[in-house]
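The structure appears right after this line, and notes come after that.
The values are calculated or read from the model by the stated rules, or taken from the named source; none is laboratory data. Remember, it's a predicted structure, so these values are computed and weren't measured experimentally. Heads up, the Cβs are rebuilt from the backbone with ideal geometry, glycines too, and the neighbour counts pull from every protein chain shown. Surface accessibility is based on the protein's heavy atoms, side chains included, excluding ligands, DNA and RNA. Shrake-Rupley method; radii C 1.70, N 1.55, O 1.52, S 1.80 Å.
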Amino acid sequence: MTRPVMPNEYPAVTLNRAPEPDDDLARELRAAGVTIDTAASARADHGRDWWPLSIAQVHAGRVPHWPGLVARPTTSGQVAEVLRRAGARGVAVTAQGGRSGVVGGAVAPDGGVALDMTGLNRVLEIDDVSGLVRVEAGCFGPELEAATRARGWTVGHHPQSFELSTVGGWIACRGAGQYSNRYGKVEDIVRALSVVLASGEMIHLGGRAPRRATGPDLLQLFVGSEGALGVITEATLVMRPAPAHEARAAYGFATFEAGLETCRRIVQRGAAPAVLRLYDETESRRHFQVQGCALIVLDEGDESLCDAAMSVVAVECALATELETELVTTWIAHRNDVDALAPLWEAGVVVDTVEVSGAWSDLAAMSQRVLTTLRALPDTRAASVHQSHAYLDGACLYFTFAGRPEGDPTGYYRSAWDAVSREVLSAGGALSHHHGVGRNRARFMSAALGDTFALLSSLKALLDPGNILNPGVLGLGGPSW
C-alpha cells in the first residue's frame, strides 16, 4: 500500500551537499546479502523522523544529519550481520520503522547506519486458541490489523501514527493507542520478543505463558529502550476478539478540573471505556465548536460490557451537560489528521504537543502550572491541554503549544519543552507517557530517573560496550540535543 512517510520533502538542491557515503561498509554488507542504499536522497530522508523541529530544517533546505548508508534487512540474520560488521568498525546503528516518532528517536546520526526494519514485515503465526499473534517488527499497523481481523481478532493498538508506524516502533517507544483504556498500552500487550544485541547475538524473551515468576521480567527491559539496548526483530502480542458492538457519548463540564474528577471516578469504579478524552475550553472550541470542556466517550467490544461501562459513565456524568454524540464522530474523523503541522511550521508558527502523565491528585495543579508557564513565554500565542489515557491512579495529559518567534524557531521550541518538562518533573509527573524520550527529552533523563539513571547507564555499557546502538537517545551514549 502507498502511505505518507514524512510531513514535507527536501528541496532538490539540498542533496548537492551530501557527504560521501560509507562505501567500504556498504560493500561489506552487500557481500553479506544485505540490501544497501547509499543514494543521497535515501540518506537524507533517513536522517530524520517526524520530530516537528525537522520540518523547519527541511523547509529551509538543511539536512540535519547524513547517515553513511541505509541498510534494508529482510531477516533477523541480516540484522545481526549489520550490527556485527558496523560494531567492528565502531559505526553507530539506528533502528528505524516508519520513522513516525516525534522526539527525534529515529534520527540516524552523521555517518551512521540507518537500519530500515520495514523489510521484516510478515505476520508469522496466529494462535486462535490462546489469542496470540507472532509478527515481525517491521510490520505496519494496517497490515497487522488486516491479518488479525481476517481471523476475528484485533490487537487494538491504534496510535495516531497507525498508518505509518510499525510494531517494533510501538514497542521500542512504549507506545499507546487511542483505545488504550480498553486494550492497554503496548507494554500490556506484548508477550514475547526476539532481540538482536549489539554483538549480533540473538536473544528471545518472554514466552507464551501470560504470567511468570522466574525473576525480573527481562522482556520489559527492551520495551521502551528506543533501540539503545538492542534491535527488536519479532514480537508476540496478545489479541482480543474483534469488537461486535460500539457505544458513544459526550458531555460538557464547566471546568477542566471538574471533568478530571469525573474521569477519576469513572475509572476507579472499574469502568474502562476505550476512549475517555477530556478537552479544556480552548481545545473544545477548536475541535468541536462547543463552550466549556468536552468529554468524548467511546467503548467497543462485548455489548453487555460496553453497556455496563457506559452506564457507569452516565451516572458519574449526571451533573454534566449531555452533548450530541456527533462530537465523537467528529473526533473519529479527525483523530489522525496532522495535515496542518507542516504548513504551520513552514509559515513560521512553532507548534507541538507534549504528552506526560501524573497521579490524579497532581493533575489539576500540574495542568495549571504548565499552562501558566507556557503562556508566560514571550513568543507563545496559544497553550492548551487535554486528558487522553486514564488509569486507576492517574492519567496522561497532552499539552499543545504554539508560538511565532522571530528568526530561528529552535530557541523558542527548546524553551517551551524546557518549561513543560521542568514543571511536570517538579510536580512528580512522568517525563513521557507514550512518545518516548528520543533526543528531544534526553537532557531531562537524569532528573526524571534520579538514582536509577546510573543503573540504566550501566545496562547500556553492559549490552552495548561499543556504544553503537542509537547513541544519544534516552540520554545514553551521546550528547543530548
Test: G348 is open to solvent by less than 70 Å² (accessible area, probe 1.4 Å) and in a strand (DSSP E or B) = no
With criteria (1) under 18 Å from E283 (Cα atoms); (2) among the β-branched types (V, I, T); (3) surrounded by fewer than 19 Cβ atoms within 10 Å (Cβ to Cβ), T452 comes up short on (1)
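Can you pull out every residue in segment 158-174 that is closer than 24 Å to T74 by Cα and not β-branched (V, I, T)?
The first filter runs over segment 158-174 and keeps only residues closer than 24 Å to T74 by Cα, leaving 161-174.
Residues satisfying the conditions are S161, F162, E163, L164, S165, G168, G169, W170, A172, C173, R174.
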Would you mention how many residues in segment 391-409 are buried (at least 19 other Cβ atoms within 10 Å of the Cβ) and in contact with a Leu (Cβ under 9 Å, 6 or more places away or on another chain)?
-> 7
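What residue, of E163, E145, is open to solvent by 40 Å² or more (accessible area, probe 1.4 Å), closer than 30 Å to V354 by Cα, under 22 Å from the mean Cα position of the chain (by Cα) and among the charged types (D, E, K, R)?
Values: E145 fails: open to solvent by 40 Å² or more (accessible area, probe 1.4 Å).
Only one candidate qualifies: E163.
Kindly indicate which of R240, R248, R182 is charged (D, E, K, R), in contact with a helix residue (DSSP H, G or I) (Cβ under 7 Å, 6 or more places away or on another chain), modelled with pLDDT of 95 or more and within 16 Å of W153 (Cβ to Cβ). Write out each step before concluding.
Details: R248 fails: within 16 Å of W153 (Cβ to Cβ); R182 fails: in contact with a helix residue (DSSP H, G or I) (Cβ under 7 Å, 6 or more places away or on another chain).
Sole residue among the options that is charged (D, E, K, R), in contact with a helix residue (DSSP H, G or I) (Cβ under 7 Å, 6 or more places away or on another chain), modelled with pLDDT of 95 or more and within 16 Å of W153 (Cβ to Cβ): R240.
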Which condition number does T214 fail, the rest of (1) farther than 24 Å from G141 by Cβ; (2) surrounded by 16 or more Cβ atoms within 10 Å (Cβ to Cβ); (3) among the hydroxyl-bearing types (S, T, Y) being met?
-> (2)
Subset of segment 414-445 (residues that are under 25 Å from G169 (Cβ atoms) and of a type in the set (S, T, Y)) = S421, S432
Those residues of segment 89-105 that are buried (at least 24 other Cβ atoms within 10 Å of the Cβ) and not in a loop (DSSP other than H, G, I, E, B) come to a total of 4
Within the group A114, A71, A108, A86, which residue is closer than 21 Å to V195 by Cβ, at pLDDT 95 or above, open to solvent by less than 10 Å² (accessible area, probe 1.4 Å) and touching a His at 6+ places or on another chain (Cβ under 6 Å)?
-> A114
Hand me the list of helices (runs of 4 or more DSSP H) wholly inside segment 363-481 holding 1 or more residues that are in contact with a Pro (Cβ under 9 Å, 6 or more places away or on another chain) and aromatic (F, W, Y).
-> 410-426
The residue from R414, R381 that alone is exposed (fewer than 15 other Cβ atoms within 10 Å of the Cβ) and under 21 Å from the mean Cα position of the chain (by Cα) is R414
Residues of segment 195-209 being over 24 Å from the mean Cα position of the chain (by Cα) and open to solvent by 60 Å² or more (accessible area, probe 1.4 Å), in sequence order, are S199, E201, M202, R208
